[in-house]
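Data block below; observations after.
The values are calculated or read from the model by the stated rules, or taken from the named source; none is laboratory data. Values in this document were obtained by computation on a predicted structure and should not be read as measured data. Please note: Cβ atoms are built from the backbone with ideal geometry, for glycine as well, and neighbour counts cover all protein chains shown. Remember, those area values only see protein heavy atoms, side chains included, never the ligands or the DNA or RNA. Shrake-Rupley method; radii C 1.70, N 1.55, O 1.52, S 1.80 Å.
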Amino acid sequence: MTTRPSDDLDRRLVLATQAGLPLVPRPYDVLAEQLGISPGEVRARLADMLDNGRIRRIGAVPNHYALGYTANGMSVWDVPDERIVELGEAVGRLPGVTHCYERPRALPDWPYNLFAMVHGKDRESVLAQVEEIATLLGSACRGRDVLFSTAILKKTGLRIG
């Protein structure tokens with residue numbers, strides 16, 4: 001695949017979308033009108049930027065607090081490194097897990113290498129989901145903890161000016 005170099009239209013498209021897509025039934029049509037191009041061109045350019053890694057994703061970023069999910073816990077797990085991909089994919093498929101990823105350990109104080117975010121309306125519901133993860137991991141789990149959120153620190157990605 002040949003990578004098309006970014007141009008001024010790509011930059012204007014990123015600027016138009018970085019704060020979120022328009023909340024309308026056909027957001028690409030609105031963007032197309034703003035940029036003076038067709039909706040198909042908007043979709044094609046976004047797809048190209050995704051395919052080539054110039055943008056990482058297009059997705060919803062919900063405010064869990066506003067939705068009533070005020071007990072948010074980052075569960076952290078110590079699992080064997082040689083099984084991290086397999087176990088992470090299994091945990092990430094659980095319905096209550098919004099994101100799951102690997103992070104390096106910081107021994108001796110931080111033995112955890114698998115992180116899985118879960119949300120709930122109260123701590124008990126989060127802890128119940130954490131128990132589901134523990135059951136799934138079984139004997140592969142050598143240690144764990146849950147870090148509960150106290151505030152939203154960041155809900156945006158990188159912005160260009």
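Before moving on, here are some points about what is shown:
- Test: Glu82 is in the same structural domain as Cys100 (by TED's automatic domain parsing), free of Cβ contacts under 8 Å to residues at least 12 places away in the same chain and assigned to a helix (DSSP H, G or I): yes
- Selection of the range 4-53 for residues being open to solvent by 60 Å² or more (accessible area, probe 1.4 Å) and assigned to a helix (DSSP H, G or I) yields Asp8, Arg11, Arg12, Leu15, Glu33, Gln34, Glu41, Arg43, Leu50, Asp51.
- With respect to (1) in contact with a helix residue (DSSP H, G or I) (Cβ under 7 Å, 6 or more places away or on another chain); (2) surrounded by fewer than 16 Cβ atoms within 10 Å (Cβ to Cβ), the lone exception for Arg105 is condition (1).
- Only one of the numbered conditions (1) over 30 Å from Val14 (Cβ atoms); (2) open to solvent by less than 30 Å² (accessible area, probe 1.4 Å) is not met by Phe115, and that is (1).
- Of all residues in the range 58-102 being aliphatic (A, V, I, L, M) and within 15 Å of the chain's Cα centre (by Cα), the one that is surrounded by the most Cβ atoms within 10 Å (Cβ to Cβ): Val91
- Val76 being within 21 Å of Phe148 (Cβ to Cβ) and assigned by TED's automatic domain parsing to the domain that holds Arg142: yes
- In the range 57-79, the residues that are assigned to a loop (DSSP other than H, G, I, E, B), more than 17 Å from Ser125 (Cα to Cα) and of a type outside the set (A, V, I, L, M): Arg57, Gly59, Pro62, Asn63
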